[in-house]
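Enquirer: Here it is: the structure, laid out below.
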Amino acid sequence: MSDSARRQQADLIVVGCGAGGLATATQFLQSSPGGRVIVLERTGEGQRGGNTAWTGAFFRLEPDGSPAADFTERMHSLSEGKTESAIIDRLAGAAQSAVQWLAQNGVATKTDHTYFLTSQGPRLMPEGGGAAIVERLAVRVLELGGEIRYNTTAQLLERDERGAVTAVVAEDGTRYEAPTVVLACGGFEGSPDLLDRHLGENGHELTPIAPGGRSNRGEGITMGTAVGAATDGQFERFHGEPVDARTSAPEALVMVYPFGILVDHRGRRFLDEGSDTPDNTFESVAYHIWRDADQFAYVIADQRLMRQNIARAVLTDRAPESADTIAQLAERLGIDAQALVSTVEQYNKAAEPGPLDVTRLDGVATKGLEPPKSNWARPLDEPPYVAWPVRCAITFTFGGLKTNEDAEVIDRLGVPIPGLYAVGEVAGIYHHKYPGATSVLRALVFGRIAGEAAASRASYTTSTS
Ligand SMILES: Cc1cc2nc3c(=O)[nH]c(=O)nc-3n(C[C@H](O)[C@H](O)[C@H](O)COP(=O)(O)OP(=O)(O)OC[C@H]3O[C@@H](n4cnc5c(N)ncnc54)[C@H](O)[C@@H]3O)c2cc1C
């Protein structure tokens, strides 16, 4: 390769072609017409878009794009005050204009119901889901004169003597030079080694919920920390979801555990299945399946559940296992029949007969059972009985680079690293529990902020050179 081919110059280099990277590049080109941007993407065009390409992309927003009433409060409380207020406020404040901007760029939004049967207001989402964001914004980048380099994996950042980031070096040795670099290359859910390092020795048992997550292998975090970035977000926590253990189909969700019981491979219950509405419990239920149940648990239910319309809460491509008695069901599942029969008998004694209402927190709780079941504690006594084997799949990791509300990457002294920005999963903002339906939104909002910043940096560089 000639020297010029090994050195590419632009006003902005973006690493990653998901919601964060494409929002950055599109916004940059709109704020700086004629500006030069190169997006580096590890995969070929057919696999591009990481997690964004596989999500329905619910937004925690009202139909008009304004933040849901609980948006700010939930972001504070679920992180136990650890997500910075300035970041939350910026995200909430810019959400509506991000949705309007998406529409201007060809991605309309609609309201739809989520996977949760217990009635929650519908959420906003793009028509065509995250895949539409990737398709449409990639077209916009090209229409506006940007470039996307596929099969190009970023590996290193370079800095000048003042500490400013000046280039990205790809796996093949090519240097992509620019006054601004935006990292948008996801978390580390696709790296078994990093999962083990940060989550403990069973980390590698968590496989990504959809193929897109396999591309996110933590290089953005490694590259950033190597040039002095501080980290933020909780590295040992992640967003996970309960999925059918029998299939490798993407997002094979089983969200009906509150309406039956959840047992481990010894046939014993290990948590309160009905402690809250499923949108508030599915992440921690999935986490406990991984941490406390050796990645193998079973949702057991009966015809009280099967009479409901469960289609939007059970996305697996496999029918549940079914049997006329609990003992036969246990045999079918390969778990100790006596143990499961005894668990169900104890549960039934503590439960309250009556109809099952999945549409609301019904307050029907077990009496004298440990662990308790705090809602939907109806007996399992209407055969045939059904079961879904479930495991925890990882959606994305929480730990990442420390950023501020302007998407600038912060160094270990608390100062922005000149020329370096991080958006989407690579920026660590979540702690403890994920406030659902905020991750695509933060990628879009902070992507646009970084794109605007890159545009003003490009015009400054041009005017002073
Ligand atoms: C099934 C599923 C459902 C979800 N549901 C929701 C939801 O309803 N609402 C919500 O808000 N969020 C949801 N999420 C999470 C959300 O989709 C992601 O967190 C978000 O889209 C991440 O965007 P991103 O731009 O940070 O990263 P990604 O979209 O993952 O894009 C990262 C890109 O970087 C590329 N890349 C990685 N490393 C390199 C490298 N070294 N060099 C070059 N390129 C690289 C990848 O190939 C990829 O194209 C869901 C995720 C999944 C998988």
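Enquirer: Would the stretch 297-316 turn up any residue that is assigned to a loop (DSSP other than H, G, I, E, B) and buried (at least 23 other Cβ atoms within 10 Å of the Cβ)?
Expert: No: zero hits.
Enquirer: Considering only residues that are near the ligand (Cβ under 10 Å from one of its atoms) and not aliphatic (A, V, I, L, M), which ones fall in the stretch 158-179?
Expert: GLU171
Enquirer: Just the residues that are touching a helix residue (DSSP H, G or I) at 6+ places or on another chain (Cβ under 7 Å) and within 8 Å of the ligand (Cβ to nearest atom), please, taken from the stretch 24-46.
Expert: ARG42, THR43
Enquirer: List the number of the failed condition for SER374; all other conditions in (1) under 30 Å from VAL256 (Cα atoms); (2) under 21 Å from the mean Cα position of the chain (by Cα) hold.
Expert: It is condition (2) that SER374 fails.
Enquirer: Moving to a separate point now. Can we say ALA230 is in contact with a strand residue (DSSP E or B) (Cβ under 6 Å, 6 or more places away or on another chain), surrounded by fewer than 24 Cβ atoms within 10 Å (Cβ to Cβ) and not assigned by TED's automatic domain parsing to the domain that holds LYS402?
Expert: Against the criterion (in contact with a strand residue (DSSP E or B) (Cβ under 6 Å, 6 or more places away or on another chain), surrounded by fewer than 24 Cβ atoms within 10 Å (Cβ to Cβ) and not assigned by TED's automatic domain parsing to the domain that holds LYS402), ALA230 does not qualify.
Enquirer: Determine whether THR366 is of a type in the set (Val, Ile, Thr) and either within 22 Å of ARG60 (Cβ to Cβ) or at pLDDT below 95 (or both).
Expert: For THR366, the condition - of a type in the set (Val, Ile, Thr) and either within 22 Å of ARG60 (Cβ to Cβ) or at pLDDT below 95 (or both) - is not met.
Enquirer: Kindly provide the set of residues from the stretch 83-92 that are surrounded by 14 or more Cβ atoms within 10 Å (Cβ to Cβ) and out of contact with any strand residue (DSSP E or B) (no Cβ under 7 Å at 6 or more places or on another chain), ordered by number.
Expert: THR83, GLU84, ILE87, ILE88, ARG90, LEU91, listed by residue number.
Enquirer: Let me ask something else. Report, by residue number, each residue of the stretch 48-86 that is assigned to a helix (DSSP H, G or I), within 15 Å of the ligand (Cβ to nearest atom) and within 20 Å of VAL423 (Cα to Cα).
Expert: Residues satisfying the conditions are GLY50, ASN51, THR52, ALA53, TRP54, PHE71, MET75.
Enquirer: Being small (Gly, Ala, Ser) and within 9 Å of the ligand (Cβ to nearest atom) is the filter here; which residues of the stretch 180-194 pass it?
Expert: Once the filter is applied, which keeps residues that are small (Gly, Ala, Ser) and within 9 Å of the ligand (Cβ to nearest atom), the stretch 180-194 yields ALA184, GLY186, GLY187, GLY190.
Enquirer: Same structure again: Looking at (1) in a helix (DSSP H, G or I); (2) within 23 Å of VAL445 (Cβ to Cβ), find the lone condition where ILE38 falls short.
Expert: (1)
Enquirer: Here's another thing I want to ask about it. Cβ-Cβ under 6 Å, sequence separation 6+ or interchain: first residue in the stretch 182-194 and closer than 12 Å to PHE238 by Cβ, partner modelled with pLDDT of 95 or more and more than 10 Å from the ligand (Cβ to nearest atom). Which pairs?
Expert: PHE188/LEU194
Enquirer: Count, please, the residues in the stretch 107-153 that happen to be assigned to a strand (DSSP E or B), closer than 26 Å to GLY35 by Cα and not charged (D, E, K, R).
Expert: Within the stretch 107-153, residues that are assigned to a strand (DSSP E or B), closer than 26 Å to GLY35 by Cα and not charged (D, E, K, R) number 1.
Enquirer: To continue, here is another question. Go through the stretch 141-157 and count every residue that is more than 10 Å from the ligand (Cβ to nearest atom) and either without any contact (Cβ under 8 Å) to a residue 40 or more places away in the chain or surrounded by 21 or more Cβ atoms within 10 Å (Cβ to Cβ) (or both).
Expert: Here the count works out to 5.
Enquirer: Checking the conditions here, which among GLY447, GLY451 is near the ligand (Cβ under 10 Å from one of its atoms) and either part of a helix (DSSP H, G or I) or at pLDDT below 95 (or both)?
Expert: GLY447
Enquirer: Looking only at the stretch 385-399, filter to residues that are of a type in the set (A, V, I, L, M) and more than 15 Å from the ligand (Cβ to nearest atom); which one of those is surrounded by the most Cβ atoms within 10 Å (Cβ to Cβ)?
Expert: Ranking the qualifying residues of the stretch 385-399, first place goes to VAL390.
Enquirer: Hey, another quick one. If you check GLY50, GLY106, which single one turns out to be open to solvent by 40 Å² or more (accessible area, probe 1.4 Å), at positive phi and assigned by TED's automatic domain parsing to the domain that holds ILE449?
Expert: Only one candidate qualifies: GLY106.
Enquirer: Let me ask something additional. Within the stretch 237-250, take every residue that is farther than 16 Å from VAL285 by Cα and touching a residue at least 40 places away in the same chain (Cβ under 8 Å) and give me the one that is nearest to the chain's Cα centre (by Cα).
Expert: Result: PRO250.
Enquirer: While we're on this one: Could you please find all residues in the stretch 6-23 being within 11 Å of the ligand (Cβ to nearest atom) and either over 22 Å from the mean Cα position of the chain (by Cα) or in a helix (DSSP H, G or I) (or both)?
Expert: ILE13, ALA19, GLY20, GLY21, LEU22, ALA23
Enquirer: Got a sec? Which of GLU352, GLU331 is free of Cβ contacts under 8 Å to residues at least 12 places away in the same chain and more than 34 Å from the chain's Cα centre (by Cα)?
Expert: Matching residue, one of GLU352, GLU331: GLU331.
Enquirer: While we're on this one: Against the definition (over 19 Å from GLY399 (Cα atoms), open to solvent by 50 Å² or more (accessible area, probe 1.4 Å) and within 27 Å of the chain's Cα centre (by Cα)), how does GLU161 come out, yes or no?
Expert: no
Enquirer: Identify, from the list VAL263, VAL243, the residue that is away from the ligand (no atom under 16 Å from the Cβ) and outside any loop (DSSP other than H, G, I, E, B).
Expert: Criteria check complete, one pass: VAL263.
Enquirer: Assuming ALA249 fulfils every condition listed in (1) within 23 Å of THR55 (Cβ to Cβ); (2) surrounded by fewer than 24 Cβ atoms within 10 Å (Cβ to Cβ); (3) within 9 Å of the ligand (Cβ to nearest atom) apart from one, which condition is it?
Expert: Against the list (1) within 23 Å of THR55 (Cβ to Cβ); (2) surrounded by fewer than 24 Cβ atoms within 10 Å (Cβ to Cβ); (3) within 9 Å of the ligand (Cβ to nearest atom), ALA249 comes up short only on (3).
The values are calculated or read from the model by the stated rules, or taken from the named source; none is laboratory data. Keep in mind it's a predicted model, so treat the numbers as computed, not measured. Don't worry about glycine lacking a Cβ; one is built from the backbone with ideal geometry, like all the others, and counts go over all protein chains shown. Accessible surface is based on the protein model in full, side chains and every heavy atom, while ligands, DNA and RNA are left aside. Shrake-Rupley method; radii C 1.70, N 1.55, O 1.52, S 1.80 Å.
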